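Here is the structure we will look at, set down as structure tokens.
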Amino acid sequence: MPDMMQTQAGEAGAFLDFDLNRVPSPCFVVDAAAVERNLSVLAEVSERSGAHVLSALKAFSMFALAPLVRQYLGGTCASGIYEARLGREEYGGEVATFCAGYKDSEIDEIIALSDHVIFNSPAQKARFLEKCQAAGRQVGLRINPEHSEGEVEKYDPCAPCSRLGTPVSQLNAEALEGVDGLHMHTLCEQGVEPLLRTWEAVEPRLQPWLNGLKWLNFGGGHHISREDYDRDTLVDFIKYIRETYGVDVYLEPGEAVALDAGILVGEVLDLPVNGMPLAITDISATCHMPDVIEAPYRPALMGEVEDGQTYRLGGPSCLAGDVIGEYTWAHPLKVGDRFAFLDQAHYSMVKTNTFNGVPLPAIALWDSRTDELRMIREFGYEDFRGRLS
Ligand SMILES: Cc1ncc(COP(=O)(O)O)c(C=O)c1O
């Protein structure tokens, strides 16, 4: 398995026309037109296939766009109590919550907020089943298909000793008692073929239980809005599942909602040299794009060229490894120059932190169709202080 993920960022598209000096730095700029383009692709799949498509808040929860999301999708999927509340209060529609471990102190609120409460293990399900049923909630169990399609082990819920999902080999009547539907999430930025292979591997093992279920939830990781995604095959697959087993089908895409829909704008602060040209910037990998270190991956830089001046870009924090990567510009950089990383709307905005007291990026909403720009949020010292005591 490779130790580095490949960025799936597409072309810069309309962002090439966006003047990076129109926003403060650092700043996430999300193009409402690009989000709407993705949403309409997802809505079309939903309409053609009959699947319920929920927006995964863990990937993209810019709730300023909730009214837009609501026009196209059936609701949200949440990873726990706060996302369930955000989904219920801001987005509306259905809320499906999956969490690897629910707490006694939170479960009542989670049940109140969620239409589907999905458990990771038969033990958690047994513990909270009565409460869910008393509230008339749908009860789900996440299974682990024990079939790996993951590119990187860290993002493979079917890797050996994974804690995510009940291994299909452990399913029995007791595990499924009171369960309305099964959930599986095994993909990451993938096409339809890995989904088909996963189903092929798991279908025979689920055969004894499938007819008693009300729904199947195929989680996220489907890059449905990517240009090369085979949506016809996905539609056929969903229809097959619905017709063969008489179940509702749910999908929970996150990235696909916000794919290629946002940039992170930064600024050059200093240009030291140590073995090679360096650039200190106000974008920190560890604070603003933690997946750069965690995945790890190299984010695509807007307008990067092959030949020119190469710099190693890093953040202002104390972490020696706060390095974004090496990038080449056609002309030498100057202090104050602006630049932007592509495809940053998902899994960056939701993961920012203020380690070292590094300021959080502002959030701006742009519409490439009208060129309208709206500053949604700017953060300050109080946001840093508010998380400490
Ligand atoms: C249970 C579940 N549903 C949905 C998603 C969304 O996945 P993606 O953003 O890759 O589509 C994830 C991502 O980790 C997940 O764990």
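The values are calculated or read from the model by the stated rules, or taken from the named source; none is laboratory data. Everything numeric in this text was worked out from a predicted model, so none of it was measured. Don't worry about glycine lacking a Cβ; one is built from the backbone with ideal geometry, like all the others, and counts go over all protein chains shown. Calculation scope for accessible area: heavy atoms of the full protein, side chains included, ligands and nucleic acids excluded. Shrake-Rupley method; radii C 1.70, N 1.55, O 1.52, S 1.80 Å.
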Per residue, how many Å² of accessible area does the stretch 89-155 show with a 1.4 Å probe? 43 Å²
In the stretch 101-248, what is the count of Lys pairs whose alpha carbons are under 17 Å apart, counting only pairs at least 8 residues apart or on separate chains? 4
Net charge dipole size for the chain [Lys, Arg +1 and Asp, Glu -1 on Cβ; Debye, nearest 20]: 1020 debye
In degrees, nearest 10, range 0 to 90: what is the angle between the Cα axis of helix 32-49 and the longest Cα principal axis of the chain? 20 degrees
Could you state the angle between the C-alpha long axis of helix 231-245 and the longest principal axis of the C-alpha atoms of the chain, as a value from 0 to 90 degrees rounded to the nearest 10? 20 degrees
Cα Rg, Dmax, the stretch 284-389, angstrom units: 15.2, 49
Taking only the Cα positions of the chain, the convex hull volume per residue in Å³ is 149 Å³
Could you give each residue of the stretch 186-195 its phi-based ³J(HN,Hα) in whole Hz, using Karplus coefficients 6.51, -1.76, 1.60 with θ = phi - 60°, and x for Gly or Pro? 9, 10, 8, 6, 10, x, 7, 4, x, 5
So what is the calculated 222 nm ellipticity per residue for the chain, using -39500 (n - 2.57) for each DSSP H run with n of 4 or more, over all residues, to the nearest 500 deg cm²/dmol? -8000 deg cm²/dmol
Assign unit charges at the C-beta atoms only (+1 for Lys and Arg, -1 for Asp and Glu), then state the dipole size of the stretch 139-194 relative to its Cα centre in Debye, rounded to the nearest 20. 180 debye
Applying the gyration tensor rule to the Cα atoms of the stretch 50-258 (axes a ≥ b ≥ c; rounded if a/c under 1.5, else prolate if a/b exceeds b/c, else oblate), the class is rounded
Could you tell me how many degrees, from 0 to 90 and to the nearest 10, lie between the Cα long axis of helix 104-113 and the main elongation axis, the longest principal axis, of the Cα atoms of the chain? 90 degrees
Within a Gaussian network of the chain (alpha carbon springs, distance under 10 Å), most fluctuating of 289, 184, 276: 276
Below 15 angstrom from the Cβ of residue 291, what's the summed charge of the other residues (Lys, Arg +1; Asp, Glu -1)? -3
Lys/Arg +1, Asp/Glu -1 at C-beta; the chain dipole; positive extreme among 43, 61, 26: 61
Whole-percent carbon and sulfur share, accessible surface of the stretch 50-258, 1.4 Å: 47 percent
So if I take the centroid of the Cα atoms in the stretch 6-64 and the same for the stretch 218-257, what is the distance between those two points in Å? 18 Å
